[in-house]
Amino acid sequence: MQHLDLTVVRRALEWLHDGRELWLATVLSTYGSSPREPGAWLIATQDGEHAGSLSGGCVEDDFLERLSRGEFHQPVTRVRYGSGDDVDYPAPTLPCGGVLEVLIERFAPDEAAVTHFTALAAALEGKGPLRRRVSWSTAERQLLDDDGIGDRVQLQETEQQALLRVGPSARLVLAGVSPVAVFCAQFALGLGFEVIVCDPREGKLEELVEALGESAARIDTIARLPSRFIAEGGCHAATAVVALTHDPRIDDLAMMEAVHTQAFYIGVMGSRQTSSARAARLARSGGLSEADIARIHMPIGLHLGSKTPAEIALAVMADVIRVRRGKPRDGL
C-alpha cells in the first residue's frame, strides 16, 4: 500500500526531472478542527498540478489560486489560515474556528532539489528515518538522521525553524490470525497503518478475509511463518510487531526474530503469569538477553480492563500509538 507521502515525493521527483519548479507545503500546526495532522504534505506546480493534501479541500484551493497569481515567491514562507487576529488568510473559514499553520517551500529544478527529494523517498521506503531542519528566516534546509519516534513536527520558535520527521508509513505486522488480530487489523487500517498478516496455518487467512469483508482488500496476507517474514526484512523502524494467537510456535518465534529488528513496538498477548513463563522460555530456548526481552511488551497493551476481543485490540493499538508518539505510560 503506497503511502500518500511517498506519492507526493515521487511526483515531486518527476516534476524536477522534467525541469519544473515546485512548491512543497507542510502543515506545521493545527488549532481547533482540522482533517490533516501536522506533517501532512501538499506538492504543487504553479500551473495547478498537485498531489497530497493540507485540509481536505478548502485550503488547497486557496493555496493553488494564490500560487497561480505568483504568490509564495520567497524560498520559504510561513502562513496561517483560519480565524483570529494573527492569521494571514482569514478565508477560507476552517471548521469550528480552526487555524492551520503551513510552511511553504519553493524548489528550483536543480541538483540540490533532486538530491533532497531522493533522500526523502529513501526514508519513506524504509531506508532510515530523517529529520528535515527548515529555517523560515534564512531559508536553509538540512537533512538529519533520526530515530523516527515522536511528533512529526517540532517548532523551534527562538531559532525560527522547524524540525520535520520523515520516515516510512507505519506498518503493523500481525503474527498469526485470531479474533483479537481481526479487530487490530480493522483499527490499524483506520489509523493509517499498512497492515501485513502472516499465518501458515491452513484456513486461518481465509477466516481473516471473511471476517474483514471489503477491508481485506487493503491488507497484505502472507501464508508463511511470521518469524520467517520478519527475519527476511519485513520490519523497518516504523513497524509494530504484534502476536495475539496464544500459540507459542507462532508467538515465540515471532518475538525471537522481532527483537533483532528496528521495530518500534514488539508485543505478545498473555497474562502476567503466561508472560513470565514466556520470558523464561525465550531466554532458555531462544537465547534472548535481558535487554532483548525488555523490548517486548508483555502483557501487551494498555491496562483498560479489556475483556472482549475488540476491547483487547483497542488496548493493543492504543499502546502502539502511545509508543509511536513517544509518550510514557505515566504521562497518560
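Derivation of every value follows stated rules applied to the coordinates shown; laboratory data play no part. What you see is a predicted model, and the numbers here were worked out from it, not measured in a lab. Counting neighbours? That spans all protein chains shown, and the Cβs are built from the backbone with ideal geometry, glycine included.
Structure notes:
- Dipole check for segment 4-166: with +1 at the C-beta of Lys and Arg, -1 at the C-beta of Asp and Glu, and the Cα centre as origin, the magnitude is about 220 Debye.
- Diffusion constant of the chain at 37 °C, which comes from Stokes-Einstein with the Kirkwood Cα-pair radius and 0.692 mPa s, µm²/s: 152 µm²/s
- Largest GNM mean-square fluctuation across SER178, SER55, SER215, computed for the chain with C-alpha springs under 10 Å, falls on SER215.
- Legend: translational diffusion of segment 171-331 by Stokes-Einstein, Rh = Kirkwood radius over C-alpha pairs, 10 °C, 1.306 mPa s; D = 103 µm²/s.
- As a rough footprinting exposure proxy, the listed residues HIS303, HIS50 were ranked by other beta carbons within 10 Å of their own, and the order from fewest upward is HIS303, HIS50.
- For the chain, a Gaussian network of Cα nodes joined below 10 Å ranks SER276, SER135, SER169 by mean-square fluctuation, and the top entry is SER276.
- Shown for ARG324, ARG284: other C-beta atoms within 10 Å of each C-beta, ranked fewest to most, produce the order ARG284, ARG324.
- Selection from GLY203, ILE43, ILE104, by position along the positive dipole direction of the chain (Cβ): GLY203
- Point-charge dipole on Cβ atoms (K/R +1, D/E -1) for segment 155-284, about Cα centre, debye to 20: 500 debye
- For segment 4-166, a Kirkwood radius taken over Cα pairs fed into Stokes-Einstein (25 °C, viscosity 0.890 mPa s) yields D = 154 µm²/s.
- Relative to the longest principal axis of the Cα atoms of the chain, helix 309-324 runs at roughly 50 degrees.
- 3J(HN,Hα) from dihedral phi, segment 160-177, Karplus parametrisation 6.51/-1.76/1.60, rounded to Hz, x for glycine, proline: 6, 8, 10, 9, 10, 6, 9, x, x, 4, 4, 10, 10, 9, 8, 8, x, 9
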